Amino acid sequence: MKARRVIVIGGGPAGLMAAGQAAEAGADTLLLEKMKRTGLKLCITGKGRCNITNIAEVSDFISHFGKTGPFLRQTFARFFNTDLIEFFNELGLKLVTERGGRVFPASGKAPDVHSVLLRWNKKSGVRIIHSAPVDKILTHNERLTGVLSQGKEIPCDAVILATGGVSYPATGSTGDGYSLSESAGHTIIPVRQALVPLETSGDEAKKMTGLNLRNVKTRMLINGRKKREQFGEIVFTEFGITGPSILTLSGAAVDSLRNGHKVTFSIDLKPALDEKKLDERLLRDIASRGREQISSFLRGLVPREMVPVCLNFIDIPVDRTACNISAKERKRLRTWLKDFRLEVTGYRPFAEAIITAGGIDTREIDPRTMESRKTKGLFIAGELLDIQGDTGGYNLQTAFSTGWLAGRSAANN
């Protein structure tokens, strides 16, 4: 029997996994990459360390995708985190598990992940053509017939579309897959930034640029009402805030801002203490350090960079001694420590967003195979899909899982 011809468009994590799996399943596989090399975005992911997955159980894992998570249940039933870890172990890539169940290459180098995937593809017989953008997906009677690349028609039995979203466009993720899938009949849920730093009003964040706060509670308020909260790490920048907690909340913040709602972040700097215990702590500190000026006194409560911001809020003269602050001023300090607020005014561009939210409507994709319900023979994998998760290895696992399933299905269907 003649081998099925499969074309994979895009050489990121989903595309490389899909191509290798299709080839191993017996397909004559061609990968078309528009850039001069594959895996450019993969090589910078996770701050260059590549958080490939998370060891969370499947139900917990899916919960990190919000309303888009249930679509992945059947995909993860076929290829999940333990399978991915075993896959990389067999390729000779050593892995380590770190805090929060996050899995990284032991070398701490994302390019090592790309290298083993590329070697595996070539060993499996995948032909890779670089600098080969695809201009059109060719169809006839709602059935795929091939692709048009650089003016040349290339016939095939199946196409796997894995071009990524629009985040980090310099790596080649410029949204080509959306127009290609639309031409094949698909609906695109409006794309927007996710896992993206946020911009805030005023100059408070700028005054604290570079400050990294750990073990704080961050609440997101929409029109004054608490919607979500995260415990962990935030980082202040010249334009606003970022860090794991902020990135996790950013998708909902972006959607709320786009809908015209007011978004405010409330930061609890002393989450281990309730109001009463915090007041008792302040009174003890005042009793023991009452002769210190308030600026010096505050350095026992918050990092040095936060002292001017705190003083501005509580409105106490810098030269006032701690023992001379009033009960009302102590209350203002207590309130600020438990409820330091920053108004969110915007978000950074796609060039700074880790992932893209929105994309191809998953109702138009068969979750058992990743095949299009609109065009027979077309398969979709990775960030093109309207699926977005938190930081922590969840999104890369999705790219690998959907790529694995698309590759196997395209080779056999």
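Count, please, the residues in the range 39-74 that happen to be within 20 Å of Pro244 (Cβ to Cβ) and among the aromatic types (Phe, Trp, Tyr).
Selection size over the range 39-74: 2.
Kindly evaluate Gly232 against the criterion of being within 16 Å of His64 (Cα to Cα), touching a strand residue (DSSP E or B) at 6+ places or on another chain (Cβ under 9 Å) and of a type outside the set (Phe, Trp, Tyr).
Numbers: within 16 Å of His64 (Cα to Cα): yes; touching a strand residue (DSSP E or B) at 6+ places or on another chain (Cβ under 9 Å): yes; of a type outside the set (Phe, Trp, Tyr): yes.
Criteria met by Gly232.
Report those helices (runs of 4 or more DSSP H) wholly inside the range 228-307 carrying at least 3 residues which are surrounded by 15 or more Cβ atoms within 10 Å (Cβ to Cβ) and among the small types (Gly, Ala, Ser). Spell out how you get there, then give the answer.
Values: elements: 244-258, 275-289, 294-298.
The helices (runs of 4 or more DSSP H) meeting that bar are 244-258.
So which residues in the range 187-199 are β-branched (Val, Ile, Thr) and assigned to a loop (DSSP other than H, G, I, E, B), if there are any at all? Quick ask: steps written out before the conclusion?
Filtering the range 187-199 down to residues β-branched (Val, Ile, Thr) leaves 187-189, 191, 196.
Once the filter is applied, which keeps residues that are β-branched (Val, Ile, Thr) and assigned to a loop (DSSP other than H, G, I, E, B), the range 187-199 yields Thr187, Val196.
If a residue has to be in contact with a Lys or Arg (Cβ under 8 Å, 6 or more places away or on another chain), of a type outside the set (A, V, I, L, M) and either without any contact (Cβ under 8 Å) to a residue 60 or more places away in the chain or under 23 Å from Pro105 (Cα atoms) (or both) to count, how many in the range 54-77 make the cut?
1
Which residue is farthest from Lys47 (Cα to Cα), if the candidates are limited to the range 79-113 and must be of a type in the set (Lys, Arg) and within 20 Å of the chain's Cα centre (by Cα)?
From the range 79-113, those of a type in the set (Lys, Arg) are 94, 99, 102, 109; that's our starting set.
Next cut, within 20 Å of the chain's Cα centre (by Cα) only: 99, 102, 109.
Details: Arg99: 16, Arg102: 14, Lys109: 9 Å.
Here the answer is Arg99.
Can you confirm whether the range 130-138 contains a residue that is touching an Asp or Glu at 6+ places or on another chain (Cβ under 6 Å) and surrounded by fewer than 19 Cβ atoms within 10 Å (Cβ to Cβ)?
Step one: filter the range 130-138 for residues touching an Asp or Glu at 6+ places or on another chain (Cβ under 6 Å), giving 130.
Filter again for surrounded by fewer than 19 Cβ atoms within 10 Å (Cβ to Cβ), leaving 130.
Yes: the range 130-138 contains one or more residues that are touching an Asp or Glu at 6+ places or on another chain (Cβ under 6 Å) and surrounded by fewer than 19 Cβ atoms within 10 Å (Cβ to Cβ).
Out of everything in the range 316-368 that is assigned to a loop (DSSP other than H, G, I, E, B) and aliphatic (A, V, I, L, M), what residue ends up being surrounded by the most Cβ atoms within 10 Å (Cβ to Cβ)?
Applying the first criterion (assigned to a loop (DSSP other than H, G, I, E, B)) to the range 316-368 yields 316-320, 325-326, 339, 348-349, 353-354, 361, 367-368.
Filter once more, so that each one left must be aliphatic (A, V, I, L, M): 316, 318, 325, 353-354.
Values: Ile316: 23, Val318: 11, Ile325: 21, Ala353: 25, Ile354: 19.
It comes out as Ala353.
Just a yes or no: is a residue in the range 154-162 more than 16 Å from Val6 (Cβ to Cβ) and among the small types (Gly, Ala, Ser)?
Within the range 154-162, the first condition is being more than 16 Å from Val6 (Cβ to Cβ), and the residues that meet it are none.
No: zero hits.
Just the residues that are in a strand (DSSP E or B) and either surrounded by 19 or more Cβ atoms within 10 Å (Cβ to Cβ) or not assigned by TED's automatic domain parsing to the domain that holds Ile241 (or both), please, taken from the range 200-221.
Start the filter on the range 200-221 by keeping residues that are in a strand (DSSP E or B), which leaves 200, 212-221.
Listed by number, the residues that qualify are Thr200, Leu213, Thr218, Met220, Leu221.
If the Cβ limit is 6 Å and pairs must be 6+ apart or interchain, which residue in the range 35-49 that is in a helix (DSSP H, G or I) pairs with which residue that is buried (at least 18 other Cβ atoms within 10 Å of the Cβ)?
Leu42/Gly12; Leu42/Pro13; Leu42/His114; Cys43/Ala110; Cys43/His114
List pairs: first in the range 106-135 and within 16 Å of Met17 (Cβ to Cβ) and at pLDDT 95 or above, second surrounded by fewer than 19 Cβ atoms within 10 Å (Cβ to Cβ) and of a type in the set (Gly, Ala, Ser), Cβ under 8 Å, 6+ apart or cross-chain?
Ala110/Gly48; Val116/Gly92
The values are calculated or read from the model by the stated rules, or taken from the named source; none is laboratory data. The structure presented is a predicted model; accordingly, all values stated were derived computationally and were not measured. Neighbour counts run over all protein chains shown; Cβ positions are idealised from the backbone, glycine included.
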